[in-house]
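The values are calculated or read from the model by the stated rules, or taken from the named source; none is laboratory data. Remember, predicted model here, so these are calculated numbers, not experimental data. Cβ: placed from backbone, ideal geometry, glycine included. Neighbour counts: every protein chain shown. SASA here: full protein model, heavy atoms, side chains in, ligands and nucleic acids out. Shrake-Rupley method; radii C 1.70, N 1.55, O 1.52, S 1.80 Å.
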Amino acid sequence: MLKVGLTGGIGAGKSEVSRLLVEQGAVLIDADRIAREVVAPGTAGLAAVVDAFGEGVLAEDGSLDRPRLGSIVFADAEKLAVLNSIVHPLVGARSHELEEAAAEDSVVVHDVPLLAENGLAPLYDLVIVVDASPETQLDRLVRLRGMTEEDARARMAAQATSDKRLEIADVVIDNDVPLEALQRRVRDVWADLVRRARGASE
């Protein structure tokens, strides 16, 4: 098994790369998706969040009101740390379960937005960074996601710099390119990952 960490700045196109890798045969473990699952209604994770932050973080249907919780924790570093102390271990445990369920010769890709920020590179056999220029990121966030330019710039500024991500990269996928070029690059990277996975399982 080859454990791959995949990361990239917001708007860099990491989700597109993960989709292309899955098409090639990767087993994808999406940290963001798991983070939502572990605080779904009826979970111990949601109960712990409510214990820490109160009933006010629940929507009318009993689900987590993410914008409300976000407004609380992103304005207060201590409260964010409390939330992370609840969610991160649950995400880690579920990620481990999914990884254990994968076949021995699998390429398991962990899609982790804050891989660089949280110092997680040592957890993986190899780290792939999807990179794009700030101009490309900004354009995608405004044009494709409907963000205001101010909001997009703030979200970009809250993440690690491109240089910090590139420091931990074993493989860099440049996504300042047309889709066809990106597809070719991902196919080449996939061929290399498969070779490495075979070597690791022998």
- request: Give just the number: which of (1) under 19 Å from V22 (Cα atoms); (2) touching a residue at least 12 places away in the same chain (Cβ under 8 Å) does R145 not satisfy?
  value: (1)
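Given the criterion in contact with a helix residue (DSSP H, G or I) (Cβ under 7 Å, 6 or more places away or on another chain), in a helix (DSSP H, G or I), among the small types (G, A, S) and without any contact (Cβ under 8 Å) to a residue 40 or more places away in the chain, identify the matching residue among A81, A93, A52.
Every option except A52 fails the conditions.
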query: With respect to the numbered conditions (1) part of a helix (DSSP H, G or I); (2) at pLDDT 95 or above, which one is the sole condition not fulfilled by A40?
result: (1)
query: So which pairs qualify, if the first residue must be in segment 14-43 and more than 15 Å from V189 (Cα to Cα), the second must be in a loop (DSSP other than H, G, I, E, B) and β-branched (V, I, T), the Cβ gap must be under 9 Å, and the two must be at least 6 apart or on different chains?
result: I29/V112; D30/V112; A31/V112; D32/V112; E37/T43
task: Filter segment 14-30 down to residues that are within 16 Å of L115 (Cβ to Cβ) and open to solvent by 20 Å² or more (accessible area, probe 1.4 Å) and give me whichever is farthest from the chain's Cα centre (by Cα).
output: L28
task: For segment 148-191, name all the residues that are β-branched (V, I, T), touching a helix residue (DSSP H, G or I) at 6+ places or on another chain (Cβ under 8 Å) and free of Cβ contacts under 8 Å to residues at least 12 places away in the same chain.
output: T148, V177
Selection count where residues are exposed (fewer than 13 other Cβ atoms within 10 Å of the Cβ), in contact with a Leu (Cβ under 8 Å, 6 or more places away or on another chain) and under 28 Å from E99 (Cβ atoms), scope segment 45-81: 0
Helices (runs of 4 or more DSSP H) wholly inside segment 111-202 containing at least 3 residues that are surrounded by 14 or more Cβ atoms within 10 Å (Cβ to Cβ): 134-143, 149-157, 179-201
message: If I filter segment 108-119 down to residues being among the aliphatic types (A, V, I, L, M) and in contact with a Gly (Cβ under 7 Å, 6 or more places away or on another chain), which single residue comes out as farthest from L166 (Cα to Cα)?
response: V112
